[in-house]
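Report on the structure given below.
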Amino acid sequence: MPHYLKIEALRMLRNKRFIIFVVAFPLAFYLLYANLYGDQTDQSTGTRAAVILMVSMGAYGALAASIMSTAVPWAQERHSGWLRQLQITPLPNWMIIAVKLLSALVLVLPALLLVVLAAVLTQHVSLSAGQWAALIPAMWVGTIPFAALGLAIGSLTRPDTAQPIAMIGMFGLALLGGLWFPVDMLPSAMQTIARALPSYDYASIGWEIVAGRTPPGSSVAALAGWAVALGGLAVFAYRRATVRA
Amino acid sequence: MNAISLAGVRKSYGEVLAVDGLDLTMEPGRTVALLGPNGAGKSTTINMLLGLTRPTAGEVRVFGRTPDDAVAAGDVGAMLQEGTLIPELTVRELVDFVRRLYPDPLPLTELLRVTGLTDLASRRADRLSGGQAQRVRFALAIAGSPRLLVLDEPTAAMDVESRRTFWQDMRAYAAEGRTVLFATHYLEEADENSDRVIVIARGQVVADGTAAQIKADAGGTSVEFFLGAQPAARLDALPGVTGVTILSGRATLRTTDTDATVAALYRATTLEISDLRIHGADLEDAFLALTRPSEA
């Protein structure tokens with residue numbers, strides 16, 4: 001299993017599209033925005049924009065990594081016959097999806113950590129040890145619902161439809177979840193939708209931690225609920241996709 | 001114990017009956033060709049042996065176990081009709097990944113050597129030619145040193161030279177006491193590379209034996225001569241003869257033994273025989289005779 005995980009991670013890190021959209025994009029936008037607005041402060045919490053942007057762009061990179069490393073590759077493997085090649089080896093079926101989920105989590109790390117590193121190095125962002133210890137694991141494990149969503153898309157669609165659906169899902173969740181600009185700037189009807197999305201809960205947990213507050217239990221519970229619901233959908237879709245008729 | 005056994009196996013896809021009551025067994029250590037035209041049920045049969053498809057009725061056993069258990073135990077390796085590789089991985093990474101999934105695989109250097117991939121080991125899968133990719137897929141099939149190797153039309157995308165090398169490699173693998181089952185619609189491949197040919201058509205076994213037996217059973221050889229107005233009685237009683245046709249004074253005797261038929265024709269009859277010709281059948285004729293839909 002560790003070898004399978006290594007192979008999965010390796011192939012995505014060699015994929016140019018993945019590197020550009022998932023690793024380079026959030027890093028570049030962080031550097032751009034932090035240079036423009038980094039020194040402004042948020043009135044309600046007194047947090048510097050450079051810190052809030054670190055969470056937003058880190059969250060975007062992590063969300064993009066977890067969807068992009070799952071949906072399209074998995075749809076392609078099912079369609080191209082690679083899945084069948086794996087099914088005639090002793091590899092158990094459940095391990096395929098388990099490794100897909102774990103490799104998505106591993107692939108979240110470069111995007112997330114590079115944005116954090118850029119924040120520390122270029123904007124001199126500093127948090128307490130306790131804040132770092134809460135922020136990084138929360139933003140890492142918090143991507144589980146998105147990886148599950150990606151796997152469900154990969155199980156339910158063909159490669160040529162998985163691509164646009166994954167893109168729309170990824171940018172939709174990022175935009176409406178307030179990762180690119182604050183949710184408060186949206187019309188009120190849109191705000192209601194935005195606040196119901198897992199990406200909003202996910203980023204909120206990060207924003208609360210860097211503001212020095214404990215994330216509200218409602219956000220944590222909502223994100224956990226999404227993880228269970230989307231995880232269930234992913235398992236159901238996976239079974240449906242790999243059923244042997 | 002049989003390497004493979006199918007008993008009363010049927011598979012239908014809705015209204016379409018792909019496999020219609022297949023019974024066959026295969027001893028270990030043999031190389032068997034599954035020969036049939038497109039749509040005969042070859043791939044469906046293979047997919048059922050590999051556990052990729054469930055039979056509608058009947059029982060499939062691989063080394064006495066269900067196909068799923070045999071696959072889980074690492075007894076089976078296969079090259080399926082379709083199957084692309086992971087483009088971002090190198091040949092070595094792909095082959096090593098698959099061999100590590102098996103309990104008792106071939107050593108990596110040996111595997112690369114016998115499949116002729118040593119020089120391509122560091123190349124990424126998306127930079128391989130079609131023939132090279134097929135070699136990698138063959139390497140994936142034998143990586144785990146499986147007791148049963150299944151090949152579904154393995155040479156379909158290969159040029160002549162790749163084909164020749166491929167069959168050499170396959171025979172070398174089979175020579176170590178492994179069981180090989182390959183599907184093909186190329187007659188000469190079945191003839192040259194197997195010790196038993198199972199011909200299937202419309203989801204049923206229509207012939208089973210060595211290539212030579214199948215040619216003979218199909219009555220493909222014939223003796224033809226000018227008979228003129230002489231009586232044709234008792235020609236059908238000559239040794240080996242399975243059928244007689246007479247057309248405009250020319251007699252054609254279908255026979256399973258041309259030597260015996262010709263000898264008897266001269267020694268045991270008093271006929272005046274002229275312009276005698278012997279037609280040897282090839283497997284192609286036998287195959288066409290066997291797989292032609294019967295007219296109801």
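The values are calculated or read from the model by the stated rules, or taken from the named source; none is laboratory data. All figures in this text were calculated on a predicted structure; none of them were measured in a lab. As a convention, Cβ positions derive from the backbone with ideal geometry for all residues, glycine included, and neighbour counts pool all protein chains shown.
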Problem set entry | Matching residues, the stretch A:12-50, being among the basic types (Lys, Arg) and modelled with pLDDT of 90 or more | A:14
Seminar exercise, completed: Checked the stretch B:74-87 for anything more than 28 Å from residue B:4 (Cβ to Cβ) and surrounded by fewer than 20 Cβ atoms within 10 Å (Cβ to Cβ); matches are B:87
Exercise. With respect to residue B:98, is the statement that it is surrounded by 15 or more Cβ atoms within 10 Å (Cβ to Cβ), under 20 Å from the mean Cα position of the chain (by Cα) and of a type outside the set (Gly, Ala, Ser) true?
Worked result: no
Problem set entry | Residue list for the stretch B:249-266, filter: more than 30 Å from residue B:186 (Cα to Cα) and either part of a strand (DSSP E or B) or modelled with pLDDT under 85 (or both) | B:250, B:251
Problem set entry | Residues of the stretch B:125-144 classified as touching a strand residue (DSSP E or B) at 6+ places or on another chain (Cβ under 8 Å) and either among the hydroxyl-bearing types (Ser, Thr, Tyr) or outside any helix (DSSP H, G or I) (or both), total | 2
For this session: Search the stretch A:195-224 for residues that are in contact (Cβ under 8 Å) with a residue 60 or more places away in the chain and pair each with any residue that is charged (D, E, K, R) when their beta-carbon atoms are under 6 Å apart and the residues are at least 6 apart or on different chains.
Result: A:215/A:208; A:223/A:201
Exercise. Can you tell me which residues in the stretch A:63-85 are among the aliphatic types (A, V, I, L, M) and surrounded by fewer than 20 Cβ atoms within 10 Å (Cβ to Cβ)?
Worked result: A:83
Problem set entry | All helices (runs of 4 or more DSSP H) inside the stretch A:82-162 with 3 or more residues being touching a residue at least 40 places away in the same chain (Cβ under 8 Å), among the hydrophobic types (A, V, I, L, M, F, W, C) and within 14 Å of another protein chain (Cβ to nearest Cβ) | A:93-123
Problem set entry | Pick from the stretch B:146-176, criterion surrounded by fewer than 21 Cβ atoms within 10 Å (Cβ to Cβ) and within 14 Å of chain A (Cβ to nearest Cβ), ranking: nearest to residue B:50 (Cα to Cα) | B:147
Exercise. Just a yes or no: is a residue in the stretch B:221-243 within 14 Å of chain A (Cβ to nearest Cβ) and either at pLDDT 90 or above or not in a strand (DSSP E or B) (or both)?
Worked result: no
Problem set entry | Boolean, residue B:122 is touching a strand residue (DSSP E or B) at 6+ places or on another chain (Cβ under 7 Å) and surrounded by fewer than 16 Cβ atoms within 10 Å (Cβ to Cβ) | yes
Exercise. If you scan the stretch A:175-220, which residues turn out to be among the polar types (S, T, N, Q), surrounded by fewer than 18 Cβ atoms within 10 Å (Cβ to Cβ) and assigned to a helix (DSSP H, G or I)?
Worked result: A:188, A:191, A:192, A:218
For this session: Specify the residue that is surrounded by the most Cβ atoms within 10 Å (Cβ to Cβ); the eligible residues are those in the stretch A:1-56 that are within 14 Å of chain B (Cβ to nearest Cβ), in a helix (DSSP H, G or I) and of a type in the set (A, V, I, L, M).
Result: A:12
Exercise. From the list B:115, B:84, which one is more than 9 Å from chain A (Cβ to nearest Cβ) and either at pLDDT below 95 or within 23 Å of residue B:152 (Cα to Cα) (or both)?
Worked result: B:115
